[in-house]
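Below: the structure, in C-alpha cells.
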Amino acid sequence: MASIDLPKSPNVFHPEKPSAVGSRNSLAQEYRDQQNEVNQLLEEETNKVVHHLTARLPKDVLERLDVMGGLKEKLYNYFNQNYQNMFNRYMVTSEDEMVKKVRNFVDKEETKVLARYTPKEVADLLDAVGGADKFNTGEIEKSMVNMYGHLQGHIQRGVNELETHTNSILRQKTDTGAFVRGENAYSIVKCAFKDNLLKPKNVTDVKLSVNILDSELISPIFHYQVTVEYLIKDLLSKHIVDNIDRTIEKLKDERVDHGEEEFSDSEIIFNKINQVENYTDDKGDDPKSKRYALIAKAIFERISELRAEIDPAEFDQQNVRENIKKIVDIENIRNRGFNTAINSITSILDTSRMGYQYIENLKNAREVLIREYEDTDAANLPDERYQIKMRYFDNAQLIEDRKAYDVQVKSFETEVQHLWDILEVLYQGKKSPWKVNDFEDLAKKSKGKIRKIIKEKSGEPLYEDIDKVWDGISFVRSAETEVERSNRTYIYEKDKIRARIILMRNRMKAMYDYLYPIERRVMEDRLSFLESKYFNFEYSINPYHLQPGILLDVDITSIKRKKSTLDAMANVLNEFLSGVSKGFADAAFASFSRRRSTVREDIGQSFGGDESASRAPKATDTASAYLDLLNTDDPVDDEGEGEAKALPPPKKAKAGVVDAKPRRGGQKKAGNSRSGALREV
C-alpha cells in the first residue's frame, strides 16, 4: 500500500484529511469546498433579507437602522448558528441510526454463518415455520419513520427558533405576536407584559392565557366524574351526526350528477336539521323509539347514574352494568383526551430543553401544574423561569367561577370605599373652618352671593339643588343590556377602583406633606395591601371571557435583553396548539368539496365529434341507462350509440368556469377504445 493511501485508512485521525477518523471531509464529496459552499449559502440568505429590508423600509428609517453593519452581522450569525445546529443534529441522527442498522445486519449474518452446518432440509423447515414476519420489513420501516420524524422535528424546531429570533430583531421588542402565530391567535384570552416588582429595569413578567374550546380539541376531554350514560350518549350523538353528514354528501353528489344546482350553505344546514328525526326522537319513555335503535332502553336504565367508581360492596363482575362499564373503561374514553394533552405538553417541554422540577397532576380534577423550579419564593428564584397551569373547564365550573368573581369584585369595591370614607373623614376633620382649603369650601362660601346675584334673577336652581350624576371619578355608565348582564367585563368597576387608589394616595400626600403620623402610616399600609391584591386579581382571567374547554395559563419571567425563556416558550406553545387543537375551521370554506361554480360546457372531454354525445345527462332514467351501459359485458352497438346521441342536453352551466370533474356519459361511442375502458371501470 502506498504511503499516499494511508490518510484514507480508518486508522488515521485527522480533522481535514478526506475520510479520516474525525474528518469533516469525505471522499464521496469529490473534494468539494464545503466551507465555501456554506459561506455562499449564508451570504445569499443574509443578502436576501437585507435587500428586502432596504427595498421596503423608508429612507429615513434606513438611516437610523444600521442595515449593512450590525443587522447584517446578526442575521449572518443567526443563519450560521441555526444552520450548523440543524446540520449537526441531522448528522448525529443519521449516524446513530446507520450504526444500529449495520450492527443488526452483522448480527444476522453471523447467525447465518453459525448455522451453516445445519442440513438444508432443516433450514428450509425453520424458514417455513418462521411466520409472516420472517421477511417483514415493518420494524425497519418504523425505525426509518422514527428517524425522519425526529429529523423533521429538529429541523422544524430550528426553523421556528430562527423565525422567532428574526421577528424579534425586526420588531426590536417582544410583544404578543412573538408567542402565538396567526393561525392560533384567536385562542389567546389574555396576554400582559409588565415589569418585575423586584427588578423592574432588567426583568419582565409575562402572563399568557390560551383557551382551547371543546369543539376544537382533537381528542375530546371528559371530567372524571361524568357518568357512563353520558359517555355512551355522546358517542351515539357523534354517530348520528356522522350518518347525517354522509347522507348529505350523497344528496350533494346526486344533485351534481343530475346537473342540478348545488345546495347553498343555508340549505345544507336545513337538510341536516330535517335528517335528525330519521335517526332519533324525543320519546325517552318509549322503548321502541328511534333513539333506542342502537342501544336498548333497558341498557340505559341499568347504567343510570353509573360513574367512574362503583362501591365495592355492590360490585359484581357478572352484572350488566359492571360489564358495560368495563367496555367503556377499556376504550379509555374518559381519560384519553386529558392524558393526551398532558403527554403532549410534557414531551414538548422535554424535547425543547425546557426542563421542570415540579409537576402536580390532579387527574380527577382535570388540572396539571408544571413549574420549572420547586421553590415558589420569587426572591430565591432565578430571573429565567416559567410556570404552566393547564385546566379543563366545563360549563358548570365556569358558572361557579363567575359567581366567585362577582363576589370578589364587590369585595374590592367595599374595601376601597371603606378606606375612602376613612380618608374623607380625616380630611374633613383636618380642615380649618376659618379659611378656604379646597373647592368645596370656596363653593360654600360663595353660595349665598350666587343665589342673590345670579340665580334669583335667572330663576335657575342652585348647584347644590341639582341631582349629581357624575361623581368626578369615572364617567357616567350606560344602561346594561342582556349582553352585558350575561358577559360582565367589569371594566367600569375596575377603572373606578384604580382611579380611587390613585386619588387616595395623592390626597394623603397633600394632607400630611412630610409628616408621618400613625394615621398616615396605617392608611398607606392598608392602601398598599389593597393595591397589590387588586393588581394580582386584575392580572387573573375573567371567567366571563372563557368558554368550556382547556385553559392554559403560562407565567413567564425572563431577562429583557436575553429572553431565552420567552423564545423557547413560544415554540412550545405553537407546537402544543398544533398537536392538541384542530384550530378554527370555517364551515363555509369547508363545504367547497364539489361546487357547481366549477362547471363549464365549453370543455368537452370526448373522443367523438358529436357535441350532444359529450354532454352529461340530466334525467334520472338517463343516468340509470348509463349505469346499465357500464355494467354490460357486450360492446356498444349502433343502437347504443343512437341512444347516447338521443340523450337530452344538460342545463346550461355558467360560462367562464372550469369543470373540475369529467362529465359522465357522452364519452362512449361504438368502435371507440374509450368504451372498453369504461366497461372495465
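Determine, from the Cβ-Cβ distance of ASN332 and TYR492 and an R0 of 41 Å, the FRET efficiency 1/(1 + (r/R0)^6), rounded to the nearest 0.05. Present the calculation step by step, with values, prior to reporting the outcome.
Details: r = 47 Å, r/R0 = 1.15.
After rounding, the FRET efficiency stands at 0.30.
Stretch GLU400-ILE450 to full length: gain in nm at 0.36 nm per residue minus the Cα-Cα span? Working shown, then result.
Values: separation 50, 0.36 × 50 = 18.00 nm, distance 5.48 nm.
That pair, GLU400 and ILE450, stretches by 12.5 nm at full extension.
Would you please give the FRET efficiency between TYR90 and SER540, computed as 1/(1 + (r/R0)^6) with r the Cβ-Cβ distance and R0 = 35 Å, to the nearest 0.05?
Using R0 = 35 Å, I get an efficiency of 0.20.
What's the percent breakdown of Cα-Cα distances in region 364-425 across 5 Å bins, shortest bin first?
The distribution over region 364-425 is 4, 12, 13, 11, 11, 14, 17, 10, 6, 2, 0, given as percents.
What chymotrypsin sites (Phe, Trp or Tyr not before Pro) in region 285-347 are in a loop by DSSP, with at most 13 other Cβ atoms within 10 Å of the Cβ?
Sites meeting the loop and neighbour criteria: PHE315.
Hey, what D do you get for region 282-394 in µm²/s if you plug the Kirkwood alpha-carbon radius into Stokes-Einstein at 25 °C and 0.890 mPa s?
On the way: Rh = 18.2 Å.
Calculated translational D: 135 µm²/s.
Counting other beta carbons within 10 Å of each residue's own, what order do GLU538, GLU229 fall into, fewest first? Intermediate values should be presented prior to the final figure.
Values: GLU538 15, GLU229 18.
Going from sparsest to densest Cβ surroundings: GLU538, GLU229.
How many nm is it between the label spots at VAL476 and LEU362, if each spot is 7 Å from the Cα in line with the beta carbon?
Reported label-point gap for VAL476 and LEU362 is 4.6 nm.
For a quick protection proxy, order the peptides 349-362, 564-577 by their average other-Cβ count within 10 Å, most packed first. Before the final figure, lay out the partial values.
Working: 349-362: 13.6, 564-577: 20.9.
Per-residue mean Cβ counts within 10 Å order the peptides as 564-577, 349-362.
Quickly work out the LYS272-to-GLN156 label distance, labels modelled 7 Å from Cα along the C-beta direction, and quote it in nm with one decimal.
Between GLN156 and LYS272, the simple spin-label model gives 2.9 nm.
Relative contact order of region 286-369: what whole-number percent is it, with Cα pairs under 8 angstrom and at least 6 residues apart?
Relative contact order of region 286-369: 15 percent.
Quick one: which of LYS142/LYS363; LYS233/LYS288; LYS297/LYS325 span more than 26 angstrom between C-alpha atoms?
Working: LYS142/LYS363 32 Å; LYS233/LYS288 17 Å; LYS297/LYS325 16 Å.
Checking Cα-Cα distances, LYS142/LYS363 exceed 26 Å.
Show the residues, 5+ positions off or on another chain, whose built amide H is closer than 5 Å to the amide H of VAL203.
HN-HN under 5 Å from VAL203: ASN196, LYS560.
Roughly speaking, what is the stretch gain from LEU57 to SER215, that is 0.36 nm per residue apart minus the C-alpha to C-alpha distance, in nm to one decimal?
Values: separation 158, 0.36 × 158 = 56.88 nm, distance 4.21 nm.
Extending this stretch completely gives an extra 52.7 nm.
Starting from region 507-563, pick out the chymotrypsin sites (Phe, Trp or Tyr not before Pro) whose DSSP state is loop and whose Cβ has at most 10 other Cβ atoms within 10 Å.
Numbers: sites: TYR512, TYR514, PHE529, TYR534, PHE535, PHE537, TYR539, TYR544; in loops: TYR514.
Passing sites in region 507-563 are TYR514.
I'd like the per residue volume of the convex hull spanned by the Cα atoms of region 402-483, given in cubic angstrom. List each step's numbers first, then the result.
Values: hull volume 11.0 nm³, N = 82.
With only Cα atoms used, region 402-483 gives 134 Å³ per residue.
Mind listing the long-range amide H neighbours of LEU217? Cut-off is under 5 Å, sequence gap 5 or more, other chains count too, H placed in the peptide plane at 1.01 Å from N.
Amide H neighbours of LEU217: LYS582.
Residue separation times 0.36 nm, minus the C-alpha to C-alpha distance between THR414 and LEU251: what's the value? Display every interim value, and only then the final one.
Working: separation 163, 0.36 × 163 = 58.68 nm, distance 6.23 nm.
Separation in residues times 0.36 nm, less the Cα-Cα distance, equals 52.5 nm.
Averaging the inverse of every distinct alpha carbon separation and then flipping it gives the Kirkwood radius. What is it for region 174-283, in angstrom units? Don't skip to the answer; put the middle values down first.
Values: mean 1/r = 0.0524 Å⁻¹.
With all distinct Cα pairs of region 174-283 included, I get 19.1 Å.
Order 499-510, 203-214 from most to least packed using the mean count of other Cβ atoms within 10 Å. Walk me through the numbers on the way to the answer.
Working: 499-510: 15.1, 203-214: 19.9.
In decreasing order of mean packing, 499-510, 203-214 become 203-214, 499-510.
Put a dot 7 Å past each Cα toward the Cβ at LYS468 and ARG391; how far apart are the dots in nm?
4.1 nm
What FRET efficiency comes out for GLN40 versus VAL145 if R0 is 41 angstrom and r is the Cβ-Cβ distance? Round to the nearest 0.05.
Details: r = 33 Å, r/R0 = 0.81.
In this case the efficiency is close to 0.80.
Rule-based calculations on the coordinates, nothing more; no lab input. Treat the numbers as computed from the prediction; the structure is a model and nothing was measured. Cβ sites come from the backbone with ideal geometry, for glycine too, and all protein chains shown count toward neighbours.
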